[in-house]
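Notes to accompany the following structure.
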Amino acid sequence: MFDPSFRDFNFLYKMYFIVACTSLSRHKYYFAWSLSELVNMNAGLGFNGYDGFGRSKWDLIANFDFYEVETSTSLKSLLDNWNKKTMSWLRYVVYERTGSTLAVFILSAFWHGFYGGYYLAFLGAGFFIHASRLVRRNVRPLFLTTKGKIFLYDAITFVGTRLLIAYLTFPFVMLEFWAALDIYRQLYFWMHIIGGILILIFTLKPMLRIRKKAL
């Protein structure tokens, strides 16, 4: 993506390339977290009692759920199963005290360091979490009437989440603010625009209903 020739590719190829790169980059974290879990379990840590069948559970320090991350149908579900112990800490330290999702992501960015790519990624996460909550609250109920509609909703949100997490996290991988911003320009900020429109629609919708009732 740093190569000037990246500009010459079409929009679809750029998105495909970004999805592929960000998907592969996640595996280094899976490897590191799995290795750290194994080391701790070998030391006797991580025991979490027994399940209903009497089998011992060793997931007390599990830091990710590979299946849930890679098959999630919402950004929130994906983030809840990624770096779980840090997310629990942030929920306790920041969210439960401030009630602000944005504050959580600002602290996350600051915690990672001072590369501009971190701030693009984490501030973007706050923006898209807000948009996805509004979409889920307003759109999901429309698809819960039949199994076919439920499957369609899950399929659309699965693909959408794969595209969104790639679009959102490539600045984290690139690190450099201006280089990542240039890629966003090449992609026409398309997901930011869609997210902004959805936030506007679903924010104004209740206000218009109230005004209509008043009339």
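The values are calculated or read from the model by the stated rules, or taken from the named source; none is laboratory data. Predicted model, so just to flag it, every value in this text is computed and none were measured. Virtual Cβ from ideal backbone geometry, glycine too; neighbours counted across all protein chains shown. With ligands, DNA and RNA removed, areas are computed over all heavy atoms of the protein, side chains included. Shrake-Rupley method; radii C 1.70, N 1.55, O 1.52, S 1.80 Å.
Any chance you could count how many residues in the range 7-27 are in contact (Cβ under 8 Å) with a residue 12 or more places away in the chain and of a type outside the set (Val, Ile, Thr)?
Looking only at the range 7-27, we keep the residues that are in contact (Cβ under 8 Å) with a residue 12 or more places away in the chain, and these are 7, 11, 14-15, 17-19, 21-23, 25-26.
Then drop every residue that is not of a type outside the set (Val, Ile, Thr), which leaves 7, 11, 14-15, 17, 21, 23, 25-26.
Residues in the range 7-27 being in contact (Cβ under 8 Å) with a residue 12 or more places away in the chain and of a type outside the set (Val, Ile, Thr): 9 in total.
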(message) If Leu45 meets every condition in (1) open to solvent by 40 Å² or more (accessible area, probe 1.4 Å); (2) in a helix (DSSP H, G or I); (3) among the aliphatic types (A, V, I, L, M) apart from one, which number is that one?
(response) (2)
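Every residue, every condition in (1) modelled with pLDDT of 90 or more; (2) closer than 17 Å to Leu35 by Cβ; (3) more than 11 Å from the chain's Cα centre (by Cα); (4) not β-branched (Val, Ile, Thr), yes or no:
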position: Asn63; (1), (2), (3), (4): yes, yes, yes, yes
position: Leu79; (1), (2), (3), (4): yes, no, no, yes
position: Asn83; (1), (2), (3), (4): yes, yes, yes, yes
position: Val93; (1), (2), (3), (4): yes, no, yes, no
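I'd like to verify a number: residues in the range 48-67 that are closer than 27 Å to Gly160 by Cβ, open to solvent by 70 Å² or more (accessible area, probe 1.4 Å) and not hydroxyl-bearing (Ser, Thr, Tyr), how many? Give the derivation first.
First, the residues of the range 48-67 that are closer than 27 Å to Gly160 by Cβ: 62-67.
Add one more test, that the residue is open to solvent by 70 Å² or more (accessible area, probe 1.4 Å), and what stays is 66-67.
Remaining after also requiring not hydroxyl-bearing (Ser, Thr, Tyr): 66.
Adding up the residues that qualify gives 1.
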(message) Which pairs turn up if I take residues in the range 64-75 that are without any contact (Cβ under 8 Å) to a residue 40 or more places away in the chain and closer than 12 Å to His27 by Cα and look for partners that are assigned to a helix (DSSP H, G or I) and not basic (Lys, Arg) with beta carbon separation below 8 Å, at least 6 apart in sequence or on another chain?
(response) Phe64/Tyr29; Phe64/Tyr30; Phe64/Trp33; Phe66/Tyr30
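Within the range 95-118, track down each residue that is on the phi > 0 side of the Ramachandran plot and either open to solvent by less than 30 Å² (accessible area, probe 1.4 Å) or part of a helix (DSSP H, G or I) (or both).
Within the range 95-118, the subset on the phi > 0 side of the Ramachandran plot is 99, 113.
Scanning the range 95-118 gives a single hit, Gly113.
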(message) Among the numbered criteria (1) of a type in the set (A, V, I, L, M); (2) within 14 Å of the chain's Cα centre (by Cα); (3) open to solvent by 40 Å² or more (accessible area, probe 1.4 Å), which one does Ala121 miss?
(response) (3)
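Can you confirm whether Leu134 is within 20 Å of the chain's Cα centre (by Cα), open to solvent by less than 70 Å² (accessible area, probe 1.4 Å), of a type in the set (A, V, I, L, M) and closer than 25 Å to Ala180 by Cβ? Steps first, please.
Working: within 20 Å of the chain's Cα centre (by Cα): yes; open to solvent by less than 70 Å² (accessible area, probe 1.4 Å): yes; of a type in the set (A, V, I, L, M): yes; closer than 25 Å to Ala180 by Cβ: no.
Criteria not met by Leu134.
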(message) Being in a helix (DSSP H, G or I), modelled with pLDDT under 95, out of contact with any His (no Cβ under 7 Å at 6 or more places or on another chain) and not hydroxyl-bearing (Ser, Thr, Tyr) narrows it down to one residue among Leu24, Leu35, Leu12; which is it?
(response) Leu35
